[in-house]
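Following: one structure in structure tokens, then a few remarks.
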Amino acid sequence: MTMKRRDVLVLGAAAAFFVPLSRSAFAATPLAFTDLYEREAQLSPLALGLTGDVVEMTGYMAPPLKAQASFFVLTASPMATCPFCETEAQWPDDIVLVLTSTIITAVPFNRPIIVRGRLDTGFEIDAETGFVSLIRLENASFERA
């Protein structure tokens, strides 16, 4: 029996349907702020295990530090002021530095957003912003929740 090109293509497409793909091929892994740390500044095993994977977090955009930025800070609760602009403002423990590949359009501080990006963990000082962070979402995108 000889197979025609059409038969090979149909069989190949059917076989590809059954090949298991990694979880990141379908969607980002949900990650909550409460999942980030085990205690104080010690990252959780879950956060460390997801390092390098695409994750999805829901939170709030802190007011941007500057216009024309390609980064922002994601917080677990709304913040009406920029944490760097008010000396009295206490920088929350539950934050994530979000780095995007394009200039962002700010979202009102009290509107929840969903952020997807590659999770990076470990102490780092960002060359562009000067921010010190333990957790970052890189090549991130966001949308209103």
I need the full set of residues from segment 63-78 which are at pLDDT below 85 and under 20 Å from SER133 (Cβ atoms), in order please. PRO63, PRO64, LEU65, LYS66
Taking segment 121-145 as the search range and keeping residues that are in a strand (DSSP E or B), β-branched (Val, Ile, Thr) and in contact (Cβ under 8 Å) with a residue 40 or more places away in the chain, which one is surrounded by the fewest Cβ atoms within 10 Å (Cβ to Cβ)? THR121
Exactly one of THR29, THR102, THR51, THR81 is modelled with pLDDT of 95 or more and over 21 Å from PHE123 (Cβ atoms), and that one is THR29
Hey, could you check segment 27-63 for residues that are assigned to a helix (DSSP H, G or I) and touching a helix residue (DSSP H, G or I) at 6+ places or on another chain (Cβ under 6 Å) and say which is surrounded by the fewest Cβ atoms within 10 Å (Cβ to Cβ)? LEU46
Could you look through segment 92-103, keep only residues that are in contact with a Phe, Trp or Tyr (Cβ under 6 Å, 6 or more places away or on another chain) and more than 20 Å from ALA27 (Cα to Cα), and pick out the one that is surrounded by the fewest Cβ atoms within 10 Å (Cβ to Cβ)? ASP94
One residue is enough: does segment 11-26 have a residue meeting the conditions crowded, with 16+ Cβ neighbours inside 10 Å, modelled with pLDDT under 95 and part of a loop (DSSP other than H, G, I, E, B)? no
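The values are calculated or read from the model by the stated rules, or taken from the named source; none is laboratory data. Since the structure is predicted, the reported quantities are computational estimates derived from the model, not experimental observations. All Cβ positions, even for glycine, are placed from backbone atoms using ideal geometry, and neighbour counts span all protein chains on display.
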